[in-house]
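All remarks here apply to the structure that follows.
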2 protein chains.
Amino acid sequence: MGFSKDNLTGFILALLSSGFIGASFIIKKKGLRRAAAASGVRAGMGGHAYLLEPLWWFGMITMIVGEVANFVAYAFAPAVLVTPLGALSIIVSAVLAHFILKEKLHKLGILGCVMCIAGSVIIVIHAPQERSISSIQEIVNMATQPAFLLYVGSVMVLVFILIFYFAPQYGHTNVLIFTGICSLMGSLSVMSVKALGTALKLTFEGRNQLIYLETWFFMFVVATCVITQMNYLNKALDTFNTAIVSPIYYVLFTTLTIVASIIMFKDWDGQSAGSIISEICGFIVVLSGTILLHVTKDFERSSSFRGNAGNYTPLSPTLSTRLCSGNGESLKHDVEEGPSSEEYLQIGYFKFTLDDVTIC
Amino acid sequence: MGFSKDNLTGFILALLSSGFIGASFIIKKKGLRRAAAASGVRAGMGGHAYLLEPLWWFGMITMIVGEVANFVAYAFAPAVLVTPLGALSIIVSAVLAHFILKEKLHKLGILGCVMCIAGSVIIVIHAPQERSISSIQEIVNMATQPAFLLYVGSVMVLVFILIFYFAPQYGHTNVLIFTGICSLMGSLSVMSVKALGTALKLTFEGRNQLIYLETWFFMFVVATCVITQMNYLNKALDTFNTAIVSPIYYVLFTTLTIVASIIMFKDWDGQSAGSIISEICGFIVVLSGTILLHVTKDFERSSSFRGNAGNYTPLSPTLSTRLCSGNGESLKHDVEEGPSSEEYLQIGYFKFTLDDVTIC
């Protein structure tokens, strides 16, 4: 074990983040339902009654708090620790949906939850220590080491090939094209978010990093990566079923992020072979659990109604991506399946995201 | 890591055992099919053509070799390591059935396999060292320590209550009664098998333990426990569906065996909290993977034909139990479902066990 204070802070923040984000969806949905019941007009029908519903706003705030906690967690603990713990928000959503919204959780879904927890515990036990960083300069040094430059270069080349060659030809038939692009960009997003988060942490500790050009450069990188990632996530969700996109995206995104973190922050330096293998196994277990949860959710799709918990893709590292990922979702349902009575809620919820909050 | 030579021997033997046992079912089934094709009479119809089929005998020998390897593995490595690795034989069966017998493996079944492997790796990495034992006397001392006597006492009381009070009343409605009895007895079986195995190992090393009454006493305990366990496993399989009995039995049996081993052999003494938690998580992962494999096998039940791989319960520690567990299986199918064309093979296979080899 031997958890450093910073690791512990990051770990607790990541847990809180998952809890808040997972709960926010349930609270908002509850708010939407209550608003629809009170006004008689569902959000998807053009009603905006939910804006008067305190519960809905409470859910929105819960989500923002969760996203901020997630962002700050990256400043304290290695991405190898924080990223996989994101899977726990799916569990929180699924469990709360079961009890509060009475959405039936498939028995294999429970198994998926158990696996996510067991895998997370293994990852946490074997997580490497966060290296103490004293200035943005250090991060720049890490980001410009040959191995990481090679990674960034490969990602850029791959993304360009995917965008300009494969996307026009196969983008609408092969799910890996769009999800691949946003996963590749996502790994760079997290690295730059981590750099920025660390810079802000240092600034708050009294070592102002905002005077350096590098800090602003990372801010620019975060914006660029997140917008690209978000754009292609929407395309993927527009084109394919969430139940297919979500697990593939989660696996690719988390794997690439961990690879990037290992290269840039040398997370595995000084770790024993046993610890590294345990981490990899724990990670595989979390991935398996997530896939199981997503796949079994699909089993119930025809019979029970589609919960927010199910459609949420809690996989992107920042506020804007998460909010916007829902947008494509709603469009897709509109076009492909036609809105059911329950999906109006859904669409209404995302419409709000599209029209009013559009951060991206 | 820091694997001792004995642990490594036990680990390799457990792996070989799983490989042999898993493969034996596929080889035997292949032999049965070939015999049926050659003679035109299926085994279930009363044909004994498979006795002339070398492939069938090869499968039988493979199974016995696997069982012996499993028995010897207990003499070298802790039960905490050997028992969960038994799950790998299900994987071997499932994978070979997919490629050789062309039985379709459900996609979630593959996920189950991945989990069993990941969980096993975690268990192996964190497995405790086997304590070196120099005589049967030492084992007797371990078996008579107050904590273990309390465990044995509790097991006996529970088994008696289950057999004489619950079994007559609820045995045929609640699956936990019969599986509970054989899991409780199973944990004592493994402990006595381990004692006996260690005594034989010492004897082969030149320190003859057969001169001690204690060795013969353990032989008696092995026989008693195994016969009781086997008897109630058959009852469980007679009464309930294999797909329900197998995962419940596996979970109960493996958990109780590990608990017994921890109490008797103090496996966890001197292990760090991190190692113990990792082991528990690894164990949970293997259990989840096994459940997933068993449950998803049921998904295909109606469409594809029922493979031997599916019906095998590779969970009991000794040769006789394993052979005999098949017997109840065949009876149940006969009564409940009526033999389908494919199940004749099955029944023929088990009939042989019943009529000719009846070791128990």
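Here A:I248 clears all of (1) at pLDDT 90 or above; (2) buried (at least 16 other Cβ atoms within 10 Å of the Cβ) except the condition numbered (1).
Could you tell me whether A:I248 is assigned to a helix (DSSP H, G or I), free of Cβ contacts under 8 Å to residues at least 60 places away in the same chain and within 30 Å of A:G109 (Cα to Cα)? Spelling it out, it is not the case that A:I248 is assigned to a helix (DSSP H, G or I), free of Cβ contacts under 8 Å to residues at least 60 places away in the same chain and within 30 Å of A:G109 (Cα to Cα). The C-beta contact set for segment A:6-17 (first residue in a helix (DSSP H, G or I), second residue open to solvent by 70 Å² or more (accessible area, probe 1.4 Å), distance under 7 angstrom, 6+ apart or interchain) comprises A:N7/A:Q129.
Quick check on B:S187: is it assigned to a helix (DSSP H, G or I), within 14 Å of chain A (Cβ to nearest Cβ) and either among the hydrophobic types (A, V, I, L, M, F, W, C) or open to solvent by less than 30 Å² (accessible area, probe 1.4 Å) (or both)?
On the way: assigned to a helix (DSSP H, G or I): yes; within 14 Å of chain A (Cβ to nearest Cβ): no; either among the hydrophobic types (A, V, I, L, M, F, W, C) or open to solvent by less than 30 Å² (accessible area, probe 1.4 Å) (or both): yes.
No, not satisfied.
If you go through segment B:32-58 and keep only what is crowded, with 24+ Cβ neighbours inside 10 Å and at pLDDT 85 or above, you end up with nothing.
To keep it simple, each residue is scored yes or no on (1) in a helix (DSSP H, G or I); (2) at pLDDT 85 or above; (3) surrounded by fewer than 21 Cβ atoms within 10 Å (Cβ to Cβ); (4) touching a strand residue (DSSP E or B) at 6+ places or on another chain (Cβ under 8 Å).
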{"position": "B:H98", "(1), (2), (3), (4)": "yes, no, yes, no"}
{"position": "B:L101", "(1), (2), (3), (4)": "no, no, yes, no"}
{"position": "B:G112", "(1), (2), (3), (4)": "yes, yes, no, no"}
{"position": "B:C116", "(1), (2), (3), (4)": "yes, yes, no, no"}
{"position": "B:G119", "(1), (2), (3), (4)": "yes, yes, no, no"}
{"position": "B:I122", "(1), (2), (3), (4)": "yes, yes, no, no"}
{"position": "B:Q129", "(1), (2), (3), (4)": "no, no, yes, no"}
{"position": "B:S132", "(1), (2), (3), (4)": "no, no, yes, no"}
{"position": "B:I139", "(1), (2), (3), (4)": "yes, yes, no, no"}
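Which one is least open to solvent (accessible area, probe 1.4 Å) among residues in segment B:251-278 that are assigned to a loop (DSSP other than H, G, I, E, B) and more than 12 Å from chain A (Cβ to nearest Cβ)? Give the steps one after another, and end with the answer.
First, pick out the residues of segment B:251-278 that are assigned to a loop (DSSP other than H, G, I, E, B): B:266-272.
From the residues that got through so far, the ones that are more than 12 Å from chain A (Cβ to nearest Cβ) too are B:266-271.
Working: B:K266: 76, B:D267: 9, B:W268: 66, B:D269: 94, B:G270: 90, B:Q271: 41 Å².
Going through the qualifying residues, I end up with B:D267.
With respect to (1) at pLDDT 85 or above; (2) surrounded by 24 or more Cβ atoms within 10 Å (Cβ to Cβ); (3) of a type in the set (S, T, N, Q), the lone exception for B:T62 is condition (2). Inspection of segment B:241-251 finds a residue satisfying the criterion of being closer than 24 Å to B:I123 by Cα and among the hydrophobic types (A, V, I, L, M, F, W, C).
Of all residue pairs spaced 6 or more apart or on separate chains, those with beta-carbon atoms under 7 Å, a first member in segment B:265-288 that is more than 11 Å from B:A127 (Cβ to Cβ) and a second member that is among the basic types (K, R) are B:F265/B:R131.
The set of residues in segment B:116-129 being facing chain A (nearest Cβ under 10 Å) and not β-branched (V, I, T) consists of B:A118, B:G119, B:S120, B:H126. So is B:V245 hydrophobic (A, V, I, L, M, F, W, C) and within 18 Å of B:M191 (Cβ to Cβ) or not? When the stated conditions are applied, B:V245 does not pass them. Selection over segment B:215-239 of residues that are touching a Phe, Trp or Tyr at 6+ places or on another chain (Cβ under 8 Å) and open to solvent by 10 Å² or more (accessible area, probe 1.4 Å) gives a count of 3.
Assessment of segment A:167-189 against the conditions (among the small types (G, A, S), at pLDDT below 90 and more than 16 Å from A:C225 (Cα to Cα)) yields at least one matching residue.
Do we have B:A79 as touching a Leu at 6+ places or on another chain (Cβ under 6 Å), surrounded by 20 or more Cβ atoms within 10 Å (Cβ to Cβ) and more than 20 Å from B:I27 (Cβ to Cβ) here? So that I can check it myself, show each step before the final result.
Details: touching a Leu at 6+ places or on another chain (Cβ under 6 Å): no; surrounded by 20 or more Cβ atoms within 10 Å (Cβ to Cβ): yes; more than 20 Å from B:I27 (Cβ to Cβ): yes.
In short, no.
Here segment B:224-245 is the region considered, the condition is being over 17 Å from B:Y170 (Cβ atoms) and among the hydroxyl-bearing types (S, T, Y), and the residue that is modelled with the highest pLDDT is B:T224. The set of residues from segment A:118-152 being under 15 Å from A:S192 (Cα atoms) and either free of Cβ contacts under 8 Å to residues at least 40 places away in the same chain or touching a Pro at 6+ places or on another chain (Cβ under 7 Å) (or both) comprises A:E138, A:N141, A:T144, A:L149, A:V152. Residues of segment B:88-115 being small (G, A, S), in contact with a Phe, Trp or Tyr (Cβ under 9 Å, 6 or more places away or on another chain) and away from chain A (no Cβ under 14 Å), which ones? B:S89, B:S93, B:A97, listed by residue number.
Report yes if A:Y212 is surrounded by 15 or more Cβ atoms within 10 Å (Cβ to Cβ) and aromatic (F, W, Y), otherwise no. Steps first, answer last, please.
On the way: surrounded by 15 or more Cβ atoms within 10 Å (Cβ to Cβ): yes; aromatic (F, W, Y): yes.
Yes: the conditions hold for A:Y212.
Taken together, the criteria exclude A:S154 from residues that are of a type in the set (S, T, N, Q), surrounded by 24 or more Cβ atoms within 10 Å (Cβ to Cβ), more than 14 Å from chain B (Cβ to nearest Cβ) and more than 27 Å from A:N208 (Cα to Cα).
Against the numbered list (1) out of contact with any Leu (no Cβ under 7 Å at 6 or more places or on another chain); (2) modelled with pLDDT of 85 or more; (3) aliphatic (A, V, I, L, M), A:L256 comes up short only at (1).
Test A:V175 against the stated conditions and say whether it is under 18 Å from the mean Cα position of the chain (by Cα) and surrounded by fewer than 22 Cβ atoms within 10 Å (Cβ to Cβ). For A:V175, the condition - under 18 Å from the mean Cα position of the chain (by Cα) and surrounded by fewer than 22 Cβ atoms within 10 Å (Cβ to Cβ) - is not met.
The values are calculated or read from the model by the stated rules, or taken from the named source; none is laboratory data. Bear in mind the structure is a predicted one, so any value in this text is a computation, not a measurement. We place every Cβ from the backbone using ideal geometry, glycine too, and count neighbours over all the protein chains shown. Only protein heavy atoms, including side chains, enter the accessible area calculation; ligands, DNA and RNA are left aside. Shrake-Rupley method; radii C 1.70, N 1.55, O 1.52, S 1.80 Å.
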